[in-house]
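Take a look at the structure below.
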Amino acid sequence: MQHRAQYRNAFNSYADASTLSQNAFRSAPMAKNDETGTGGAQDAADIFTEMLRIQGEAARQMMQGVAPGSDTPVPDRPAIDAMGDAMMEFQKTWLQFCLPEDQRTAPMLTTPSNWLDAMRKWSETMPLLDPAGQQQLWNEGFELWQNVLAQFSGEGGEGDDKQLPRRDRRFADKAWRKQPVFALIHQTYLLIAERLNEKVDTAEGLSDEDRKNLRFATQNVLDAMSPANFPLMNPVVLERTVESGGDNIMKGLERLSTDLENGQLTHTDTSQFTIGENVAATPGKVIHETELFQLIQYSPTTAEVFETPLLIFPPWINRFYILDLNAKKSFVKWAVDQGITVTLVSWKSADETLTHIDWDDYFLAQMEAIDVVRERLKVKSVHTIGYCVAGTTLAGTLAVQAMRGEADKVKSATFFTAQVDFTHAGDLKLFVDDGKLEFIRQASKGGYLDGRYLAATFNMLRGSDLIWNYVVNHYLLGEDYPAFDLLFWNGDVTNLPAKWHAAYLRDLYRDNLLVEPGALDVGGTPIDLTQVKVPSYVQAGREDHIAPPESVWKITEHFSGPIRFVLAGSGHIAGVVNPPAAGKYQYWTNEGEFDSLESFIEGATETPGSWWPDWLAWLESQDSKKVKATGARKPGSKANPAIEDAPGRYVKTR
């Protein structure tokens, strides 16, 4: 009974704040009575700021006045301030990647009134909003506030679900519509976000590159400034704080402090996963090792296997087990079960021993792996797969082999969401201007780039989903982390050699030199993609924002050999890791004539489910001969000695 009484008293603070807010607005002068609209709108803005100040103090009192006898102490004002300070540092860490220093605001402020002031000041720095545009925005805000408050002035109770003009899933909970203060906060935010994004999209005189950069920076600040991210402005957080006696705030502060110390956002319960046990667990052996990679051969599960083995090159910017998450999702296991001898490169995460690695080395590593598989299994050629950036280098490797008269070492090449022509490359082009390349150079002290920077980069491409959603759920609400293998992989970062990474971003993403014959070379051999005649299977993801389908498509304009192009449903990860048993998504093929992605799509046939069986049929059409799965086909045998069990040491090094 005592707790319920305190609960009611705490929420009376809301009611008091709401009543004061409504009365203040009802006495505000109307903007339309002012000749220019500036006086009334400014008065309204000042009143709104005062309303937010009142609400902020009420929220503090609510947090500090609930459940004094609970097992978990309610956080006092210093604890709440510590949460705000830590989150300011968190926001600063993220925003340094997308905003120049002179444009950064201090977005994680602890009081609602300061939040509105920060939003006003930041919008005033937007070069696309002249004084008239700024005044128009705030006049619209005043009109919005009048309309929203009108819904709370009738006979409907506070628990009614108000029909507000703008919707967003971050504010889907009814708590955002119970009280006028919270309705006004999130509706004001959505109005500002809508108008600023419109200005970015319609501004004249911007190049496409400048517009994309401005859109990216604007959206990242808007994502960070969402009122849902602020503990004293989020009614769902305030309710949870009352219900839990402040346990959510204390738990969140501990998690936030840990993440700041680790320099990385937690997405999942990492204690639930062990590499080699429930991820990256397909049986096999490490059969070869260099300073840069280990070569894994997986154990056969069929009596016979295709004579030509498969060699997979995963992206070195991630761990290889995206293709071996678990038994149900594993492309590796599925391929082994189809009778394919699967070998795979596991790249080493860079450290001070790999600072010398440069442009040539990843190409030479691919060539070495091809030769090792051929020699170990006594075969003339191998099938290859290159995923993402490793597909880019595979294209260069094939070109070099062609120039050296070694094209017959590779029977076929498959490209998972890989780009060779970066004219229409994806969102990562946002990080290759001179300023960001210099930032990367400075961040690569010691000769390698910390993988946490890359993790931050990819998270920022979907900031609302991959950053702030987790801030709210796990810092502010104190919810438990899910146990999700894909998120475990996503957080298992890989360091990159600085010289190599700088060359890749500069020469490919920025300057697009890979498609200029002879502009680049490997070991003195020029790269000319038009010399690649190896049969190729090119897979693109329809919703891929990292390697857009129109960019992946361009490989068909540079290779000279036969190509099967397949467009898969979903994006960069789910479009690839889509096992047939899941029955998800779809893919498109075109058996007719086409000379562009548009004409391919126009004449394409949609097939439900995974594209993996289509790839298998294509692979078998290249070479269907089979041999017994004995001798060297069993890694670790006398005919094929092993170094250690899969997944090996390199995938576990940090």
Notebook entry, point to check: If amide H atoms are built 1.01 Å from N in the plane of the peptide, which residues on other chains or at least 5 residues away come under 5 Å of the amide H of Val538?
Noted result: Phe415, Arg564, Phe565, Val566
Checklist line | Packing-based ranking, highest mean first, of 394-407, 307-320, 202-215, 580-593 given that Cβ atoms within 10 Å are counted | finding: 307-320, 394-407, 580-593, 202-215
Next item on the list: May I ask you to derive the FRET efficiency for Thr525 and His356 from their Cβ-Cβ distance with R0 = 25 Å, giving the value to the nearest 0.05?
Entry: 0.75
Next item on the list: Please report Rg over Rh for region 524-621, where both radii come from the alpha carbon positions and Rh follows the Kirkwood definition.
Entry: 0.98
Note to self: How far apart, in nanometres, would the label points at Thr653 and Ala581 be if each is projected 7 angstrom from Cα along the Cα-to-Cβ direction?
What the structure shows: 3.4
Notebook entry, point to check: What shape does region 319-377 take by its C-alpha gyration tensor, where a ≥ b ≥ c are the square roots of the eigenvalues and a/c under 1.5 counts as rounded, a/b above b/c as prolate, and the rest as oblate?
Noted result: oblate
Note to self: Bin width 5 Å, origin at 0, all Cα-Cα pairs of region 599-639: what percent of pairs per bin?
What the structure shows: 6, 15, 12, 15, 16, 12, 8, 5, 6, 4, 1
Check: Over region 401-554, with a single point scatterer placed on each C-alpha, what log10 of the ratio I(q)/I(0) does the Debye formula yield at q = 0.15, 0.18, 0.20 1/Å?
Finding: -1.01, -1.29, -1.40
Checklist line | Within straight-line cross-link reach of Lys199, lysines at Cα separation under 19 Å, skipping those fewer than 8 residues along the same chain | finding: Lys121, Lys212
Margin query: For region 497-574, report the % of Cα-Cα distances exceeding 20 Å.
Written below: 45
Next item on the list: Express in nm, to one decimal, how much length is gained between Ser257 and Thr630 on full extension, taking 0.36 nm for each residue of separation and deducting their alpha carbon distance.
Entry: 128.9 nm
Item checked: Alpha carbon Rg of region 245-285, scaled by the compact-globule rule 2.2 N^0.38 Å -> 1.71
Notebook entry, point to check: Given a Förster distance of 41 angstrom, what is the FRET efficiency for Gln442 paired with Asn640, based on the Cβ-Cβ distance and rounded to 0.05?
Noted result: 0.35
Next item on the list: Enumerate the calculated ³J(HN,Hα) couplings along region 349-361 in order (Karplus 6.51 cos²θ - 1.76 cosθ + 1.60, θ = phi - 60°), each rounded to whole Hz, writing x wherever the residue is Gly or Pro.
Entry: 5, 5, 9, 5, 7, 10, 5, 7, 5, 10, 3, 5, 5
Next item on the list: Restricting things to alpha carbons, tell me how big region 311-461 is in terms of Rg and Dmax, in Å.
Entry: 16.9, 50
Notebook entry, point to check: How much length, in nm to one decimal, is gained on full extension between Ala483 and Thr202, taken as 0.36 nm per residue of separation minus their Cα-Cα distance?
Noted result: 96.9 nm
Notebook entry, point to check: Between their Cα atoms, which of Lys348/Lys628; Lys162/Lys251; Lys285/Lys584; Lys285/Lys329 are more than 26 Å away from each other?
Noted result: Lys348/Lys628; Lys162/Lys251; Lys285/Lys584
Notebook entry, point to check: Can you list the residues of region 555-586 with backbone N under 11 Å from a point 7 Å past the Cα of Thr607, pointing along Cα to Cβ?
Noted result: 566-567
Item checked: Hz values of 3J(HN,Hα) by residue in region 115-125 - Karplus curve (6.51, -1.76, 1.60), Gly and Pro given as x -> 4, 4, 5, 5, 5, 5, 5, 5, 5, 5, 7
Notebook entry, point to check: In a Debye calculation with equal point scatterers on the alpha-carbon sites of region 169-311 and no solvent, what is log10 I(q)/I(0) at q = 0.10, 0.17 Å⁻¹?
Noted result: -0.71, -1.06
Check: Which net charge results when you count Lys and Arg as +1 and Asp and Glu as -1 among the other residues whose beta-carbon is under 14 Å from that of Ile317?
Finding: +1
Next item on the list: Please give the contour-minus-distance gain from Glu209 to Glu543: 0.36 nm per residue of separation, less the Cα-Cα distance, rounded to one decimal in nm.
Entry: 118.2 nm
Notebook entry, point to check: Once you charge only the Cβ atoms, +1 for Lys and Arg and -1 for Asp and Glu, what is the size of the charge dipole of region 576-654 about its Cα centre, to the nearest 20 debye?
Noted result: 1160
Check: Is the shape of region 569-654 rounded, prolate or oblate, going by the alpha carbon gyration tensor and its root eigenvalues a ≥ b ≥ c, with a/c under 1.5 for rounded and a/b larger than b/c for prolate?
Finding: prolate
Next item on the list: Holding the Cα-Cα limit at 32 Å, pick out from Lys333/Lys638; Lys328/Lys436; Lys554/Lys634 the pairs that are longer than that.
Entry: Lys328/Lys436; Lys554/Lys634
Next item on the list: Please find the FRET efficiency linking Ser560 to Lys378, where r is the Cβ-Cβ separation and R0 is fixed at 25 Å, and quote it to the nearest 0.05.
Entry: 0.25
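No value in this document is a laboratory result; all are computed from the given coordinates. Keep in mind that what you see is a predicted model, and the values were worked out from it rather than measured. Every residue, glycine among them, receives a Cβ derived from its backbone with ideal geometry; neighbour counts consider all protein chains shown.
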